[in-house]
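The values are calculated or read from the model by the stated rules, or taken from the named source; none is laboratory data. All figures in this text were calculated on a predicted structure; none of them were measured in a lab. Positions of Cβ are generated from backbone atoms using ideal geometry, with glycine treated the same way; all protein chains shown enter the neighbour counts. Note: areas computed on protein heavy atoms with side chains; ligands, DNA, RNA excluded. Shrake-Rupley method; radii C 1.70, N 1.55, O 1.52, S 1.80 Å.
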Amino acid sequence: MRQGIWRSTAVALITGVLLGACSDKGSNEGADVTWIEGTVLYRERMLLPPGAEVEVELQDISRADAPADTLATVIMPGNAGPPYQFRIEYDSAAIDQRHTYTLRAVIQAGGKLLFTSTEHIDPFADAPIEIMVRRVPEPVAAPARADSGSADVQLEGVRWQLVRLDGEPATAGAGGKPVDLALEAEGQTVSGFSGCNRYHGTYRRDGASEHGAALRFGPLAGTLMACPEGTGLERRFLDALGAVDNFRLTDSGHLQLAAGGNVVAEFEPAP
């Protein structure tokens, strides 16, 4: 973390002059409320649809094996054109100089993700801070907000049954059983039947993707059954999961897992 942010904060406290990111005592007793200011913009010459919102999050991304920890969020109306000025406030006591932080910005409307940032933005860089968001080629379901107080039940807590793999209708696995997967928010675990064996592992939803809401699977382990059928399907399915970096929830209620802009697997809720 750059030391300049701490020097600027100290000067602001002494002189009352705003230098990039400034610090002041907030209304919460004992809290040292600091803010970061900057702009969010995009290159396309277009107006956002009615009800669009611009959201900026301050995230701790230090742990590679866990989702990003959101420290603060600010949401702004997107009824005017870019650039969108933001000021995000946070408790400086929550910052650990050993950790890595980023600013993430998205623009969404009607529950659809329209734009997302795709690069690491140092929150403590010298002002001015500018976040360039990129348009999602096909609007997808926006991820649940960290402060919504509810789990993203549209993705997690559902057993999903494979219907298409690599653009082709999915076949059944050994014993006529369909390939499936289930994601559980608690512990960020994934499990299911891959065509011959049962598998389990972890997943992450932090980071960003130009094509949809971020999703990546960690190493997967499985049982070691020998099946007369289903092994080829299993290999293709597990390879597809290994390539996934984003997901989409369609209007028809299907889950699409994609590698970049290429949908590699499509699921429907299991009966």
Requested in this report: Using only alpha carbon positions, build the gyration tensor of segment 158-269, then give the equivalent ellipsoid semi-axes as the square roots of 5 times its eigenvalues, largest first, whole angstrom.
Outcome: 22, 16, 12
Query raised in the report: Near Ala174, within a Cβ-to-Cβ distance under 12 Å, what is the net charge of the other residues, with Lys and Arg +1 and Asp and Glu -1?
Result: 0
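Students sometimes get this wrong: rank Ser191, Ser252 by accessible area, probe 1.4 Å, all chains present, largest first. Don't skip to the end; give the middle numbers.
On the way: Ser191 45, Ser252 90 Å².
Heavy-atom accessible area, descending, gives Ser252, Ser191.
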Query - Length gained when the stretch Ala226-Arg198 is fully extended (0.36 nm per residue, less Cα-Cα span) - result: 8.9 nm
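To one decimal place, what Kirkwood hydrodynamic radius in Å is obtained for segment 33-135 from all pairs of distinct Cα atoms? Write out the running numbers ahead of the final one.
Working: mean 1/r = 0.0705 Å⁻¹.
One decimal place: 14.2 Å for the Kirkwood radius.
Determine the relative contact order of segment 165-204: mean sequence separation of Cα pairs under 8 Å and six or more apart, normalised by residue count, in whole percent.
Computed value for segment 165-204: 30 percent relative contact order.
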Query raised in the report: Relative contact order for segment 158-269: what is it in percent, counting Cα pairs under 8 Å that are at least 6 residues apart?
Result: 27 percent
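Stretch His120-Thr189 to full length: gain in nm at 0.36 nm per residue minus the Cα-Cα span?
Details: separation 69, 0.36 × 69 = 24.84 nm, distance 2.58 nm.
That pair, His120 and Thr189, stretches by 22.3 nm at full extension.
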Query - Distance (nanometres) between label positions extended 7 Å along Cα→Cβ at Asn262 and Glu53 - result: 3.5 nm
Query raised in the report: If you average the sequence gap of Cα pairs under 8 Å that are 6 or more apart and divide by the length of segment 180-230, what percent do you get for the contact order?
Result: 30 percent
Query raised in the report: Taking a probe of 1.4 angstrom, what is the accessible area of Thr116 in Å², to the nearest 10?
Result: 0 Å²
